Structure formats: structure tokens, C-alpha cells
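No lab work stands behind these numbers, since they all come straight from the coordinates. Everything numeric here is computed off the predicted structure, so don't read it as measured data. Cβ sites come from the backbone with ideal geometry, for glycine too, and all protein chains shown count toward neighbours.
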Amino acid sequence: MTENTFAIPTRIGAILTGSLALSRHILFLYTSRINKYAIQSSFFAMSGNDEELMYITGEQPELIMKMFEKNIDISVIMPENMDVLRNMNGKKRIIMDMSSIKEGHDKLEELLVENQNNIALCMYDISLLAPENIQKLVSCHDRLILNTPDITVLSGKKLDAADATVERFVKEYLDIVVLSLIANKPMCGTDILDIVHRNFNVLLSPGTVYPLLHRLKNEGLLECECRIKKKVYRPARGSEANIRQIIEKHSMASEFLGDFIKSRSSEGNAT
């Protein structure tokens, strides 16, 4: 790791990855105790070979370039020069660092509408924002990530009643979800957090997943192998048939309940 390379918590990396799969315009609010360059480095590191990396800031370009690895090709643009992006073809991955900019976000919104290949991460130090401005910013982004040293909150205007129902199901039957995942492939707790987030848009805490893994291990359903900095869980030897039976019983019960609800709903509509 070079002196300008930052370590970013795996959880934030997973959240960024999942958010980018669903959104093109992300609002990232952070506190002054968060290393914003670590988050920005992770965002750029996820880029494809066909993406150009753009950094919009009021800071001097040479100061910004010192914060990233030397082998990363980044174009630093002042907000007053953003029109140059209109003349550039291809995909662009854009960071707009609003800690040094007072204006320019409206122009970025226009660029994202004009070119559907562009994605953007807009970063604000929440301590510098007035409460009324936060609500306005949330409304014009696809997704919000709030990151402090104590919590990480993910939200988005695309959330609806269906998402809430899925989240309730996942959390109430998390043991079944976890067993289904691990029956298919050995994985660690971070893998589970990532997969659940990407597939269900449900943000679980490590304090929920790791005690559950420990309980399933104590029940003889799982076993774990200690690797460097992580524990990888797999079905315990001889428990495979038991796990399949648990999953099948749950699937049958869910199907029965679903059919019952549909039948009652149909009867109500017929009257």
C-alpha cells in the first residue's frame, strides 16, 4: 500500500457497489472524522477500463492528485470548467467534492441527464450543510449514503412498500436466508452482508449476522474455518440433508401462506 492509498471498510465498499448497481447519482454525506479520500479511492477503484475518471473540486489539482495513487489517471476539473464534459464522449465516473464548491451541482444534474453513461458520487460534509439544504439534496439524488464513525445509513427515493415487505421478510427469516446462501457456497459474514444488500436492498448490521452465524454453528448446522482476518462458514459435515429439509419446509410454508392470502383476496374482490 502506497502512502497515498487509503484502506476503506469492506462494509462501505459493499454499500457503494450495491448502490452503483441501482443508481447513477449518489449523495454521500459524511462527518469531518471520516476519511473522504478513502471513499473516493474506492469509488474510482470500481471503474471499468472504458470509464474516464473525473474529479470536480475547487481545490488545486496538484493537491488532489497527491491524495490518490500515482498510477490512477484522474482529470481534475474546476466547477467553472464543467462544460468541457459535454464535449467528451464515452463513460465517465465523476466525483463532485462539495466541501470546496458552493455552486455547480445543477450543472452536474444536467450532464447526467444528457449522458446516461455517466455516474456520479456527490460528497458533502454534513456539518457544513443547513438542514433545509439536506432535504433538497436528497430529493435530487437516486440514493443517499450517510456515513459517520458510528453508523452507516442507506436510503433512496426508489424505496417503496414492496421494498419494506422484502426487508421485513429478510430480517424475520434471516436464518433461512443465511442457510440458503451458505448451502450454495461457503462464505464469511461480510459476503452475506454484501449479497443481501445487493439482492434485496436490505442493509444488515454485523451485530445481526455474526451472532446468527455463531448460533447456527452451535446448533450443528454450520462449521467455520478461520482464515486471515475472517471466518468462512460452510454446512457442518453431515448437516447437508438437515439444512435442505429446513429450507424446503420453509419454502412449502411460504407457498401455502401465499396461496391462502391470494385466495382470500380473490374472494373479497368477488363480493
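Structural descriptor for segment 10-156: relative contact order 36 percent, calculated from alpha carbon pairs under 8 angstrom and at least 6 residues apart.
So what's the gap between the Cα centers of segment 76-112 and segment 192-239, to the nearest angstrom? Taking the Cα centre of segment 192-239 as reference, the centre of segment 76-112 is 41 Å away. Note on segment 10-156: the alpha carbon radius of gyration divided by the globular reference 2.2 N^0.38 Å gives 0.97. The mean sequence separation of alpha-carbon pairs under 8 Å and at least six residues apart, normalised by the residue count of segment 166-271, gives a relative contact order of 25 percent. Each Lys and Arg adds +1 at its Cβ and each Asp and Glu adds -1 at its Cβ; summed about the Cα centre, segment 10-156 shows a dipole of about 400 debye. For the pair residue 227/residue 32, report the inter-label distance in nm, with labels modelled 7 Å from Cα in the Cβ direction. Placing both labels 7 Å along Cα→Cβ, they lie 4.1 nm apart. Remark: the residue 140-residue 218 segment gains 23.4 nm on full extension, using 0.36 nm per residue and subtracting the alpha carbon distance.
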